[in-house]
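Working notes, beginning with the structure itself.
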Amino acid sequence: MKSKTTYIGIDVSKEKLDVAWQGERKVKQYQNNAKGIAKMIAGFQGNEIDRIVVEATAGFERQSVREMLQLGLPVALINPTRVRRYAQAQGQHAKTDALDAHVLADFGKAMRPDIWQTKSDLEEQIGLRITRRRQLIGIRTEEKNRLTTAHPDNIPGIKRHLVWLNSEIANVEEEIEHLAQSDPVLQEKIACLQSVPGVGPVTALTLIAEMPELGLANRKQIAALAGVAPYNRDSGNRTGRRHTYGGRSSVRSVLYLAALSATRHNPKIKEFYQRLLANGKEKKVALTACMRKLLVILNAMARDQKTWQVA
């Protein structure tokens, strides 16, 4: 017989998982490996679980989240800053793994965060390589910047490193291309998204791999997930500027580049951007609005499985 609906918080570290059940004082601890994760998940059986809230922790949560999602468990992956602010608002300033697990469980009940969507194995593999590509490009940019001020003795080594980085980036991009071509359904998704002027293969693949909610969430939800939804900051008679907050930085960065291209080559986005500028909006504000509009368009296309229509 199933127990009452419950909320679970999991604090993740490299070596262990601290698991707290909302309303219970005891915290159970498991090793953060295949055996420990299996044992933890077995303990969830027979319970009516509303949310399992996990804090994103430098990738150490990846294996446990993947295995829970594969079993259909309702997992919510949360930005650590959001949880910390919630704890402070509750007067909880102390920080230990056990306390953090309880805070996550309480956060799940109070805030009911969105449940993470399951990725296919192929999307997971592509996502890992997109992340690696982004890391390598970041390192390459740092090395290029370093080259301009480097001591002459260090320049040959930096140049050798740049050659290796260029080769490695090319290898990763080849792997991504191979994976993308291995599945006809995925190819259709990519073609659908890429039919929008301004959206290239990197943007399309990043959205597919990093935002499995695309086509499933509504326009407000998808904008919030990407961190391009504007939030009001008003108080009394004062009307403050609206700001975007949070979201998935990897998605936001490719959306920025796609929107920048779309303001030049996409008729709808270009007209929208020019209208905002004519109304006195700052370029940065107008471009963020274009990012949101572009994402909403892509979300609707993914939902309806329709390619770009000019009219």
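Computed over neighbours whose Cβ is under 13 Å from that of Leu73, the net charge equals -1, Lys and Arg +1, Asp and Glu -1. With helices defined as uninterrupted DSSP H runs, which ones in the chain have an alpha carbon span along their own long axis of at least 30 Å and mean Kyte-Doolittle hydropathy of at least 0.0? Sorted by number, the helices that extend far enough and score high enough are 283-304. State the answer as a single residue: which of His178, Ser261, Ala105 lies farthest towards the positive end of the charge dipole of the chain, with beta carbon charges of +1 for Lys and Arg and -1 for Asp and Glu, about the Cα centre. Positive-most Cα among the choices belongs to Ser261. Overall, the chain carries a charge dipole of about 1260 debye about its Cα centre when +1 sits on the Cβ of Lys and Arg and -1 on the Cβ of Asp and Glu, all other atoms neutral.
With a 10 Å radius around each residue's Cβ, average the other Cβ atoms per peptide and rank 177-188, 44-55, 143-154, highest first.
Values: 177-188: 13.2, 44-55: 18.9, 143-154: 10.4.
Going by the mean number of other Cβ atoms within 10 Å, highest first, we get 44-55, 177-188, 143-154.
Across the range 6-111, Cα-Cα distances exceeding 16 Å account for 51% of all pairs. Of all lysines in the structure, those lying under 16 Å Cα to Cα from Lys39, and not within fewer than 8 positions of it along the same chain, are Lys16, Lys28. Across the range 121-182, the volume of the C-alpha convex hull divided among the residues equals 56 Å³ per residue. Using only side-chain charges placed at the Cβ, +1 for Lys and Arg and -1 for Asp and Glu, the dipole size of the range 116-191 relative to its Cα centre rounds to 440 debye.
Sort Ser195, Ser261 by Cβ crowding within 10 Å, fewest neighbours at the top.
Working: Ser195 14, Ser261 17.
Neighbour counts put them in this order, fewest first: Ser195, Ser261.
In deg cm²/dmol and to the nearest 500, what is the mean residue ellipticity at 222 nm of the chain if only DSSP H runs of at least 4 residues count, each as -39500 (n - 2.57), divided by the residue total?
Working: 12 runs with 177 residues, N = 311.
Rounded to the nearest 500, it is -18500 deg cm²/dmol.
Run through the DSSP bridge list for the chain and note the antiparallel percent, rounded to the nearest 5. Could you put the intermediate results ahead of the total?
On the way: 14 of 23 bridges.
Taking every DSSP beta bridge within the chain, about 60 percent pair in antiparallel fashion.
Measuring against 30 Å, Cα to Cα, the residue pairs Lys26/Lys119; Lys14/Lys293; Lys35/Lys119; Lys14/Lys109 contain Lys26/Lys119; Lys14/Lys293 as the ones spanning a longer distance. For the chain, the calculated P(r) over all alpha carbon pairs, in 20 Å bins from 0 to the bin holding the longest distance, is 27, 52, 20, 0 percent. Dipole magnitude for the range 6-111: computed about the Cα centre from +1 point charges on Lys and Arg Cβ and -1 point charges on Asp and Glu Cβ, it is near 140 debye. Distance between the C-alpha centers of the range 75-102 and the range 1-55? Whole Å please. Measuring centre to centre over Cα atoms gives 16 Å.
Each reported figure results from applying straightforward, stated rules to the coordinates on display, with no laboratory input. On a predicted model such as this, the values are computed, not experimentally measured, just so you know. Every residue, glycine as well, gets a Cβ built from its backbone with ideal geometry; the counts of neighbours run over all protein chains shown.
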